[in-house]
Structures are given as structure tokens and as C-alpha cells.
1. Only one of these is in contact with a helix residue (DSSP H, G or I) (Cβ under 8 Å, 6 or more places away or on another chain) and more than 10 Å from chain B (Cβ to nearest Cβ): A:Ala192, A:Ala233, A:Ala239, A:Ala217. Name it.
2. Looking at (1) in a loop (DSSP other than H, G, I, E, B); (2) modelled with pLDDT of 75 or more; (3) among the basic types (Lys, Arg); (4) over 30 Å from B:Val149 (Cα atoms), can you tell me which one A:Lys49 breaks?
3. Restricting to the stretch A:199-208, give me the number of residues that are at the interface with chain B (Cβ under 8 Å from one of its Cβ atoms) and either crowded, with 24+ Cβ neighbours inside 10 Å or among the acidic types (Asp, Glu) (or both).
4. Please enumerate the residues belonging to the stretch B:247-281 that are facing chain A (nearest Cβ under 7 Å) and outside any helix (DSSP H, G or I).
5. If you take the residues in the stretch B:51-86 that are of a type in the set (D, E, K, R) and in contact (Cβ under 8 Å) with a residue 40 or more places away in the chain, which one is nearest to the other protein chains (Cβ to nearest Cβ)?
6. Name the residue that is surrounded by the most Cβ atoms within 10 Å (Cβ to Cβ), counting only residues in the stretch B:207-222 that are small (Gly, Ala, Ser) and either at pLDDT 95 or above or within 25 Å of B:Lys171 (Cβ to Cβ) (or both).
7. Pick out the one residue from A:Ala147, A:Ala88 that is at pLDDT 95 or above, more than 13 Å from chain B (Cβ to nearest Cβ) and in contact with a His (Cβ under 8 Å, 6 or more places away or on another chain).
8. From the list B:Lys13, B:Lys36, exactly one residue is among the charged types (D, E, K, R) and surrounded by 15 or more Cβ atoms within 10 Å (Cβ to Cβ). Which is it?
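The values are calculated or read from the model by the stated rules, or taken from the named source; none is laboratory data. Note that this is a predicted model, so its numbers are computed, not measured. Backbone-built Cβ (ideal geometry, glycine too); neighbour counts: all protein chains shown.
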Amino acid sequence: MTSNSPSEKRLEELREQAWKDGVVPGKGVDVAGGPIPRQPGYYGQPVVKPPVWTWEIPFYFFIGGAGGMSAVIASAAFTFHHVDLARAAMWLAAAGSILSPILLIMDLGRPRLFINMLRVFKPQSAMSMGVWILVMFITCVVPGLIALELHALQVFTGPMDQLLRIAASFLIFGSAIFGMLLATYTGVLIGATAIPAWFLHRVLLPIHFGTAGLGSAAALLELLGHRIAALNALGYYAAAVESALLIWLSVDKHGAADRAIHEHASGWLIRIGEILTGPLALVLRLFSLVPFAAISFLIGALVSRFGWIAVGKVSGSDPESVFAAEHY
Amino acid sequence: MIGEGIQSTNQRKHSYVQDRVEVGFFTDPSVCIGCKACEVACKEWNQVPDDGFTWSGNSYDNTGHLGASTWRHVMFLEQDRQKGNQITGPMGLTEAEDPFRWVFLSDVCKHCEEAGCLEACPTGSIVRTEVGSVLVQNDVCNGCGYCVVSCPFGVIDRRPEPLPDAGGAFKCTFCYDRQKSGLVPACAKVCPTESIVFGRLDDLRARGAERVQQLQQSGYNDAQLYDPTETSVRGIHAFFLILGEPEAYGLPPKPQIPTIYLKSAWTSAFATAIASLIAALAAFAFFS
């Protein structure tokens, strides 16, 4: 009765009138928590289920992306006779190929049954394709690294060394093929789902994940001391693409359907990630602050992966997001 | 069917699994009384664990939504709309219209014609049965969680710790174990008003269309079937009659199977992969 809210005032009027006349005609007031809820959908309950994935998955996106694209750099470096750089890149790729399955298995609800992933080959499931891409990546990277190291350290001589060199070049090329797919398929993985903010950006996501992977691989190699013009050029390329994607994201809005990208904490993660990988990395490189540009890009690439999973959780829990996505 | 006693498809033994006949559920809220017997029967028969209890404050619905440990869910809608040709107005004292209706609908896995969860499953744990239902094989599922984000209806979910069988994905099994023995799914068997009808899919579709017509003639102007046959889901085997719009029931008006997004996403992925390889080769060719 002390409240001055309109509904409380109306309630007071109704009480007075009821006291005087015994009957109150017309509508009453909607009380908060009253019988007819004003939430979207069914009591605001999610229409689709938000992802159950925890920190391992965005971290895997980062590790797999950087590892996969390291193999691409290794292949290019090996082709142009930068053997030391190719070795460093293959070590990175191998580290990524070992860490990736560990992270993936850790995230499973039943890690001991992970081997069931290898029962089927299913082109219509991006998860199944991803598993096989990862298997092929490991199959190429680990022997590829061994062959490359044996060749580089001149362990054997004569025809055996020739054979190792040929084997290494084939395996490194194979690693590059499966590595570049490993870095990009993750965009398909979350793009081809029922989560509106993800599927509305299914074309952008593989570009973002792949390019972030390439930039991260170049940045890691630069931080390991390989300060060469070719890696700097790749750094420019990745930062430029990421800057373009930042503009794309801010133009290609879908209202309530993908508001998780522009609002909430998830929106901030996306924004911070895109700025660190895009404009900031670009500017730092222009001022020749290469290590800072590399660090900025790496942090941005990691943050934006966490951002995209957070976007999925927010968008998947928002019934209005699903209803609004119909119109696109 | 109602009035057929033990000859009703909800009660009599059948051989649909052996005969490989497509079966389904038709759920009709116009006769549902909100008793939740379907929820209880489902939990008991399938030994679905207790996943906690909280007062939601949302009408009489304290179940919330379908999930790993909720395979039938009775929704309680309170709407300021007329139900059929009911007499409205506040207790009949004045002429003012103040319509109100209470609608109950038992939600369940839709067993889609094109099922998102089935296509997404990377272990082959989710299969299509002889009767056209979608079944998760619990002993094969490793809990990757990809079906969870691939279901356009938000039905399947991963069961959290510390519940029994935690880590796997669960949803309605269409009582496949009962059906193999010629029994009717538990929820349909116990439904006291035959709001849930189990039977041959073609029979049910005809029955659903007939029921909509009947209701519309009796003043339920907003009665319609919810069976998205014109989207990429291409129809559902557990379909519903709804009063009003699907959004109010938390049902997506145009559900799509996520595999339709694969083509554009993979094209983008391949293009990015090739572009990255060319960029790397070009960088080493021109800058070293």
C-alpha cells in the first residue's frame, strides 16, 4: 500500500470500489508472477538446448586451429627450403595433434567410450568428419615429423636419406591438407547446428576459425624466434582478414536471432577477440611491434573461441532467438 | 480409440515391430486433463532417475522442459483467450469480456522424419528403428554432446553427474523395448483420456485431421495440427494438435534439420583452407 507503482494504485482503487459497490466491473491488474505470464514462448523456457560443452572445446578449437595451420606453414616452408622453420612448425603441429584428442576426450560424457567415434564414417555429421580429419592429421604429422628430423639431422646417408626426404615431403604435404581442414571444419561443426546465432553465421565461422588458426601458427613461430618476412606477411594477412570479419559481423546483424553476438558477456568476448586479432594486431605490426602483434593475435584467437561457445549457450537458451531466426 | 475399450490401439497387443509398420503418437490437448500419468509411467517403466524437484511458479508445471531425465512433459498454458465456445466474462456478473483458458499438452520427442540428432551422431549410437522411431543406444553413446545442439526441438540432452548412467545422451525411446514385445508405449497405455494416442502413423494422421475439423466446428477456431511436413524436418512421428500458435508451447514454427546448413558451411571451410595454403605458399615465394 505504500508502493506508488501504477498496478498497486489500480489495486487500491479496485479495493475501494469493491468495498463501496460490492462488484468491480472491467479488468483487474496483471501482477508480477500472476497467472498469465508475459515471457516469450513457454514460460521463457529454451526452445533448443544450449551446448553442454565446457572449456575443453573452445581450447581445442584454438589448439587444433594453430596446430593444423602450423602444418600448412611447415609445408610451404619445406617447399621453399626453410628446413629449420619447417621443423619448428612440424613440432608445433605434432604438439597440437597430441593435445587435440586429449582435450576432445576430456570433454566427452563418457571418455572411456571415445573409440566408438571410429565405428562409423558419416559425411553428414561434421563431428564424425572432424574425428576422421584429426585421425588422418595425426597419422601424417607424427611420422612426418620423425622423417623430417631424421633427414635434417642427417642420421642416414645416401639413398636412405633421399627416401626419408621424399617421405617427409609427402607426409608434410598430407599434414598440411588435413591440418587446413582441421582448422576450418570446427566452423562447420558449430555452424551446422540448431543454434540460431551459430547457423546464421555458418559461412563466417570457418573463415574466422581457419584464419585465426593460420595467424596463431604464424604468431607462435614468430614468438619462437623465427622472425622472417614470410611469417610477418602471413601475420598481416590474418589480421587483415580478421579486421574484415569484424566489419562483416557488425554489418550482418539478425536482430533478436543473433543478439548473443552483440549483447551480453558473450558479445564482449566476441568483440574483444575480434579487436585483438584484427585491428590491434594489424596496427602493432604496422609499427613493427611484431612480438606484441603476435601476443595480441594469440590472446584474441583464444578469447574469440570461448566467445563463440558462450554465444551458443546464450543463443540456445533464448527462445526469442529461435523464433526470430525463422525470418532468415 | 475412445469407446473401443480393450480394442483401442492404446490397449491391444500389436506386432508393429515385426511387421515393420510406421507408428506414432498423436497428442491432443483438447482432451488432456493434466494428470501427468504419462510422465510418471514413463519414468517408472524406463527407470529414468529423479533429477530434482523445484517449484517453478509456472502454473502446475514443475517439470520444466524435456531433457535427459524427462521424456514426457505435461505443459500447462494459462492464456487470456477463449477455449471453444465457453462462456466468458468475470463470473458472469458483467458484460465485460475476460476470457481465460487452461491448456494442457504432453510434450515428447518428435521422432522426426529427418532427425537432426540421428544425422549428427558420430558414433552411430542413434538409429532408426523398424517402426520409424529414433532410438539412442545407451551402451554405444560416448556423450560427445553433438546431438544436443543438432535437435531443432531441444529434446535430447546429456545427463549430468551424479545421476545414474551420467554422461550419455538420453531421450524418449518410444518404449522400443515394450513395442518389441507387442506392448503399447507406457505413456499412451496409462493416458486416462486417450489424449495420447498410439497407433499406425497413417491412421493417426487421418484421425488428427478429423479431430481438428471437429474442434473447429465446435468453436475452437485456433485448433491446428503441429506437424512441420513442409520444412526440412519433413514431418514428425509424434505430432500434436495445438490450440493457438506453436510458439506458446515452446515449439519452433519452422524447425529445420541442421544438415541443410552443411553445404554452405563446408564450401566456406574448403575455400578458407585453400586460401590459407595459397597465402602460406605466396608468403614464402615472395617474402624470402
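1. Values: A:Ala192 fails: more than 10 Å from chain B (Cβ to nearest Cβ); A:Ala233 fails: more than 10 Å from chain B (Cβ to nearest Cβ); A:Ala217 fails: more than 10 Å from chain B (Cβ to nearest Cβ).
Going through A:Ala192, A:Ala233, A:Ala239, A:Ala217 in turn, the sole match is A:Ala239.
2. Going through the list (1) in a loop (DSSP other than H, G, I, E, B); (2) modelled with pLDDT of 75 or more; (3) among the basic types (Lys, Arg); (4) over 30 Å from B:Val149 (Cα atoms), A:Lys49 breaks only (4).
3. The initial filter retains those residues of the stretch A:199-208 that are at the interface with chain B (Cβ under 8 Å from one of its Cβ atoms), namely A:199, A:202-207.
So of that shortlist, the ones also either crowded, with 24+ Cβ neighbours inside 10 Å or among the acidic types (Asp, Glu) (or both) come out as A:199, A:202, A:205-206.
Number satisfying all stated conditions: 4.
4. Here is the first cut: in the stretch B:247-281, the ones facing chain A (nearest Cβ under 7 Å) are B:247-250, B:252-254, B:258-259, B:261-262, B:264-266, B:268-269, B:272-273, B:276-277, B:279-281.
Within the stretch B:247-281, B:Gly250, B:Pro252, B:Pro253, B:Lys254 meet the criteria.
5. Of the stretch B:51-86, the ones of a type in the set (D, E, K, R) are B:51, B:61, B:72, B:78, B:80-81, B:83.
When the remaining residues are screened for being in contact (Cβ under 8 Å) with a residue 40 or more places away in the chain, the result is B:51, B:72, B:81, B:83.
On the way: B:Asp51: 15, B:Arg72: 15, B:Arg81: 10, B:Lys83: 14 Å.
The extreme case among them is B:Arg81.
6. Applying the first criterion (small (Gly, Ala, Ser)) to the stretch B:207-222 yields B:208-209, B:218-219.
Restricting the remaining residues to those that are either at pLDDT 95 or above or within 25 Å of B:Lys171 (Cβ to Cβ) (or both) gives B:208-209.
Details: B:Gly208: 22, B:Ala209: 13.
Once the filter is applied, the top-ranked residue is B:Gly208.
7. Working: A:Ala147 fails: in contact with a His (Cβ under 8 Å, 6 or more places away or on another chain).
Unique residue meeting the criteria: A:Ala88.
8. Numbers: B:Lys13 fails: surrounded by 15 or more Cβ atoms within 10 Å (Cβ to Cβ).
B:Lys36 is the lone residue from the list that is among the charged types (D, E, K, R) and surrounded by 15 or more Cβ atoms within 10 Å (Cβ to Cβ).
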